[in-house]
1. I'd like to check something: does the range A:165-173 contain any residue that is in a loop (DSSP other than H, G, I, E, B) and either surrounded by 19 or more Cβ atoms within 10 Å (Cβ to Cβ) or at negative phi (or both)?
2. Just checking, which of A:LEU179, A:LEU109, A:LEU158, A:LEU170 is assigned by TED's automatic domain parsing to the domain that holds A:PRO211 and in contact with a His (Cβ under 7 Å, 6 or more places away or on another chain)?
3. Name the single residue, out of those in the range A:189-210 being assigned to a loop (DSSP other than H, G, I, E, B) and under 20 Å from A:PRO302 (Cα atoms), that is farthest from ligand 1 (Cβ to nearest atom).
4. Residue under question is A:GLY116, and the condition is that it be more than 16 Å from ligand 1 (Cβ to nearest atom), surrounded by fewer than 21 Cβ atoms within 10 Å (Cβ to Cβ) and within 14 Å of another protein chain (Cβ to nearest Cβ); does it hold?
5. Given the conditions (1) closer than 27 Å to A:ALA65 by Cα; (2) touching a Leu at 6+ places or on another chain (Cβ under 8 Å); (3) free of Cβ contacts under 8 Å to residues at least 60 places away in the same chain, report the number of the one that B:GLU52 does not fulfil.
6. Suppose we keep only residues that are surrounded by fewer than 18 Cβ atoms within 10 Å (Cβ to Cβ) and within 14 Å of chain A (Cβ to nearest Cβ) within the range B:28-58. Which one would you say is farthest from ligand 2 (Cβ to nearest atom)?
7. Taking into account only those residues within the range A:211-220 that are within 16 Å of ligand 1 (Cβ to nearest atom) and within 13 Å of the chain's Cα centre (by Cα), which is nearest to A:THR288 (Cα to Cα)?
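The values are calculated or read from the model by the stated rules, or taken from the named source; none is laboratory data. Fair warning: this is a prediction, and the values are worked out from it, not measured in the lab. Glycine also receives a Cβ, built like all others from the backbone with ideal geometry; neighbour counts cover every protein chain displayed.
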Amino acid sequence: MALRGVLRLGEIGIRVLDLDLARTHYVDRMGLIEVMCDEKERKIYCKAWDEHDHHSVVLREADEAGLDYVAFKVYDDQTLTDLEPKVEAFGLEVAHIDAGVYPKSGRRLEFILPSGHRMQLFAEKEQIGNTLGTRNPGVMPDEGVIRGFRINRLDHCLLGGPNIDECGRLFKEVFDFDLSERIEDEESRESLALFLTCSTKPHDVAFVIQPEPGRFHHVSFLLESATDVIHAADLIGKYRIPVDVGPNRHGVTRGNTIYYFDPSGNRNEVFSGGYVHYPDTPTLTWDTSQMGPAQFSQDNVPRESFLTVVT
Amino acid sequence: MQYRVHLEELELDFTCRQDQNVLECMIGAGKKGIQVGCRGGGCGVCQVEVLEGEYAARPMSKAHIDEEALAQRRVLACCIKPRSDLLLKVVGKISKPIQRKHP
Ligand code: FES
Ligand SMILES: [Fe+2]
């Protein structure tokens, strides 16, 4: 592998009910950097400081909250060419999006996941860097570049819908992901949640079973340390941001985490830590007899809202 | 200005200022009656029907509150502020687990 093929969740499109409130939340409070704004389309484009690509989060004003699309970045254009027939052979219809249709971006492939979510693949996006440059970059950006929740980068998302085993098969067989962890029903052994990785992280994408297709459970951002999670929690409290689950640790993936909502009800997570995954790491399985420790391992209490509240 | 909010079926009463949303007041009063979710009008779990009274609403996700629902005065409790005393009814699936927990 040595990390070729699909690289990461490179861009996420989120629908918000009010763009100005969304800007206050994602930019002013969380500290993402607004790199571009499209007043006519009612969109803003943001990045985290340590990402080199032009943007990773696209907020669009709409009359429904939820997920617009997820776009994974792949290694190069040849990867796109190679993946297209495989996605089609899996049984999904692939649409072509020309370079430039999505700003600063090369051509994209688009298809609908068995869970009902719109997914894209792209190989190229303009890079604007992390302010440090690439020759003798040093380690510290100027004062003010890292601010708010001190988010380093977009990390993963959790999508809710039916047919999650089919999604798992697509990501494993076509996109070369590994199944790092799985939650199953203790009796029926049915999959309730799947965690998939294309890197050495515990997950790059996850699916949770939901009756309705295309639901958005959360988008997650990486922080440097558990101390930063507590720092974010202090700001979340200060600004009265609605909290879903206060600072805790996940059993699944072992991340130090806090969950909160944006002003349109989309769930966000900031987290740090987790173990290192390699392609030969065995899949870890949790079942419903241990939902508390699987979800939140510091108090072992499963959260009902965590399974029922989605946009 | 402060108004009284009554949740039918659950026999729940609390007060709410005109600059507060109904869900936040219910939580603030230490009450549990409407399911608490995203508090942003996105998830739909706090849906109620306004049987009596006036309110002001902020944008709510059309996935949960479409024109028809609005016409029937179905709204999301986290998105409405009272403009008079309110009589509310919990809508749909969400009342069940809550009634179980708070008989
Ligand atoms: S709590 Fe989610 S819409 Fe009110
Ligand atoms: Fe997460």
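1. Within the range A:165-173 (the criterion being in a loop (DSSP other than H, G, I, E, B) and either surrounded by 19 or more Cβ atoms within 10 Å (Cβ to Cβ) or at negative phi (or both)), the answer is no, since none of the residues qualifies.
2. A:LEU158
3. Filtering first and then ranking leaves A:ARG189.
4. It is true that A:GLY116 is more than 16 Å from ligand 1 (Cβ to nearest atom), surrounded by fewer than 21 Cβ atoms within 10 Å (Cβ to Cβ) and within 14 Å of another protein chain (Cβ to nearest Cβ).
5. (1)
6. Looking at the filtered set, the residue picked out is B:ALA57.
7. By that ranking, first place goes to A:HIS217.
Residues checked against (1) within 16 Å of ligand 2 (Cβ to nearest atom); (2) under 20 Å from the mean Cα position of the chain (by Cα):
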residue: A:HIS117; (1), (2): yes, yes
residue: A:GLU124; (1), (2): no, yes
residue: A:PRO137; (1), (2): no, no
residue: A:VAL145; (1), (2): no, no
residue: A:LEU159; (1), (2): yes, yes
